[in-house]
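Below: the structure, in structure tokens.
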Amino acid sequence: MQWIAAEDTRMTRKLLNHFQIATRMVSYHEHNKESSGKELIRLLMEGQSIALVSDAGLPAISDPGYELVQLAVEHEISVVAIPGANAALSALIVSGLPTDRFTFLGFLPRNKKHLQEELLRICTRQETLIIYESPHRIIKLLTQLLEVLGNRTIALVRELTKRYEEVARGTVEECLLFLKEHSPLGEYCVIVSGALTNTSTDDSTTQVWWVSLSLDAHVGHYEYQGMGRKEAIKKAAVDRGIPKREVYNQVTHQQ
């Protein structure tokens with residue numbers, strides 16, 4: 001290997017020094033990926049070899065790398081992946097939640113409105129969900145999960161494979177209480193159970209996707225699909241088998 005492209009050269013240098021590796025290193029991160037990427041491709045076109053490494057985790061998975069791989073593919077340069085530590089899959093394994101089907105969502109929008117819209121978009125998904133979040137926004141995320149998706153079973157996972165590895169399992173409400181007693185530290189991986197399904201007595205399978213949603217989120221789901229407020233309220237009332245006036249009174253009171 002002739003070059004190492006590192007997300008954080010300071011952190012990577014520590015590892016290289018420990019193993020007495022003298023390979024030349026260049027910076028490749030979120031803020032210089034366009035200019036640095038072009039230079040790396042030039043080196044590769046000259047026949048040189050480059051290893052891309054990230055600060056923590058796996059390159060291109062919520063870390064820099066996707067654009068560089070795309071450029072390499074466009075220039076018909078061979079790309080070889082060497083599997084390493086990955087927070088999403090490691091957290092999924094230890095979560096205790098179903099692993100047969102899952103969706104990786106990465107970091108969700110910071111803006112509250114956009115976050116709610118994204119959660120409404122995925123609220124009917126039945127597979128396990130994997131979300132990344134920072135320590136100073138984790139409580140906000142769980143609060144929105146509770147409001148939009150309901151009190152689902154989740155696992156809060158942080159610092160996997162490190163000294164302070166920690167896993168908290170329970171409902172969203174239980175994990176919020178846990179965070180009140182244990183100040184958030186480190187990046188979190190939140191594993192969320194999918195929407196529930198029920199089997200009716202006539203043996204036909206009915207997707208009760210809304211069962212864990214709040215009434216407001218249930219109406220909001222239909223509004224997100226393009227329905228007007230009145231139509232969304234009527235649809236939610238039919239789903240739940242309750243008078244639409246009751247739905248209207250409750251969602252209006254919550255605003």
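Key figures for this structure:
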quantity	calculated
Accessible area per residue in Å² at 1.4 Å probe, computed on segment 132-181	51 Å²
Top of Leu92, Leu145, Leu40 by mean-square fluctuation, Gaussian network on the chain, Cα under 10 Å	Leu40
Sequence of Glu166, Glu30 when ordered by accessible area, the most exposed leading, probe 1.4 angstrom	Glu30, Glu166
With all protein chains modelled, accessible area of Ser212 [1.4 Å, Å²]	30 Å²
Solvent-accessible ranking of Ser183, Ser27, largest area first, probe 1.4 Å	Ser183, Ser27
DSSP beta bridge pairing in the chain, given as percent antiparallel to the nearest 5	60 percent
Förster radius 35 Å - calculated FRET efficiency between Lys244 and Ser134 (Cβ-Cβ, nearest 0.05)	0.30
Residues whose placed amide H lies under 5 Å from that of Ser214, excluding near-sequence neighbours	Gly150
Options Leu145, Leu40, Ile77, ranked by Cα towards positive dipole end of the chain, top entry (Cβ charges)	Leu145
Longest segment of the chain lacking chymotrypsin sites (Phe, Trp or Tyr not before Pro) that sit in a DSSP loop with at most 12 other Cβ atoms within 10 Å	20-163
In segment 81-189, lysine pairs closer than 23 Å at Cα, eight or more apart or cross-chain	5
Cβ charges +1 (Lys, Arg) and -1 (Asp, Glu), total dipole of the chain, debye	580 debye
Distant-in-sequence amide H partners of Ala5 (H built 1.01 Å from N, under 5 Å)	Val26, Ala51, Leu52, Val53
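The values are calculated or read from the model by the stated rules, or taken from the named source; none is laboratory data. Keep in mind that this is a model prediction, so the values were computed, not measured. Heads up, the Cβs are rebuilt from the backbone with ideal geometry, glycines too, and the neighbour counts pull from every protein chain shown. Remember, those area values only see protein heavy atoms, side chains included, never the ligands or the DNA or RNA. Shrake-Rupley method; radii C 1.70, N 1.55, O 1.52, S 1.80 Å.
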